[in-house]
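Undergrad: Before anything else, here's the structure in question.
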Amino acid sequence: MLEKLSFRNWFHSGKEADASDQDHLEKSLQAVELNVEVTLGKTELSLENFLQLELGDIVPLQKRTSDPLILSIEKQPYYLVKPGILEDQMAVEVLQDIGGNQD
């Protein structure tokens, strides 16, 4: 993400950005929180079926279990990932960069 930021937009003084400017920007960005989500799959249900869902019901998804999942950052898809477990917690492994918002 940092390489996509233009220092000219951050520093309007007309001087060239140096290493300390980049360090300052990186430290400032460390505190920024982002919404990161992984989409397991999608399906369509009628309202009637949705209202009748009960604990233990199985909802089929329009995806194979072997298909990679999509990791999105702030609602923009960025990576294909594979689900797994790391130290007893659910996790994902990044498989491929799919670009996200290129603006």
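The values are calculated or read from the model by the stated rules, or taken from the named source; none is laboratory data. Because the structure is predicted, anything quoted here is derived from the model rather than measured. For neighbour counting, all protein chains shown are included, and Cβ atoms are generated from backbone atoms with ideal geometry for every residue, glycine included. Surface accessibility is based on the protein's heavy atoms, side chains included, excluding ligands, DNA and RNA. Shrake-Rupley method; radii C 1.70, N 1.55, O 1.52, S 1.80 Å.
Undergrad: Keeping to the range 58-74, report how many residues are open to solvent by 80 Å² or more (accessible area, probe 1.4 Å) and farther than 20 Å from Val94 by Cβ.
TA: Start the filter on the range 58-74 by keeping residues that are open to solvent by 80 Å² or more (accessible area, probe 1.4 Å), which leaves 58, 60, 62, 64-66, 74.
After this cut, where a residue has to be farther than 20 Å from Val94 by Cβ as well, the list is 58, 60, 62.
Looking only at that region, the number is 3.
Undergrad: Let me ask something else. Filter the range 8-22 for residues that are charged (D, E, K, R) and open to solvent by 70 Å² or more (accessible area, probe 1.4 Å); which is modelled with the highest pLDDT?
TA: The initial filter retains those residues of the range 8-22 that are charged (D, E, K, R), namely 8, 15-16, 18, 21.
Cutting the leftovers down to open to solvent by 70 Å² or more (accessible area, probe 1.4 Å) gives us 8, 15-16, 18.
Numbers: Arg8: 49, Lys15: 57, Glu16: 63, Asp18: 70.
Per the criteria, the residue is Asp18.
Residues are listed down the side, and each one gets a yes or a no for (1) in contact (Cβ under 8 Å) with a residue 24 or more places away in the chain; (2) in contact with a strand residue (DSSP E or B) (Cβ under 6 Å, 6 or more places away or on another chain):
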position	(1), (2)
Lys42	no, no
Asn49	no, no
Leu55	no, no
Gln62	no, no
Ser72	yes, yes
Gln76	yes, no
Leu80	no, yes
Pro83	yes, yes
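Undergrad: Scan the range 75-87 for residues that are loosely packed, with under 13 Cβ neighbours inside 10 Å and among the basic types (Lys, Arg) and report the count.
TA: Here the count works out to 1.
Undergrad: Additional query: In the set Leu47, Leu25, Leu53, Leu5, which member is at pLDDT 95 or above, surrounded by 10 or more Cβ atoms within 10 Å (Cβ to Cβ) and more than 24 Å from Val92 (Cβ to Cβ)? Full working, then the answer.
TA: Working: Leu47 fails: surrounded by 10 or more Cβ atoms within 10 Å (Cβ to Cβ); Leu25 fails: at pLDDT 95 or above; Leu5 fails: at pLDDT 95 or above.
So the residue among Leu47, Leu25, Leu53, Leu5 that is at pLDDT 95 or above, surrounded by 10 or more Cβ atoms within 10 Å (Cβ to Cβ) and more than 24 Å from Val92 (Cβ to Cβ) is Leu53.
Undergrad: Say whether the condition of being modelled with pLDDT under 90 and over 16 Å from Leu34 (Cβ atoms) is met by at least one residue in the range 80-99.
TA: Within the range 80-99, one or more residues are modelled with pLDDT under 90 and over 16 Å from Leu34 (Cβ atoms).
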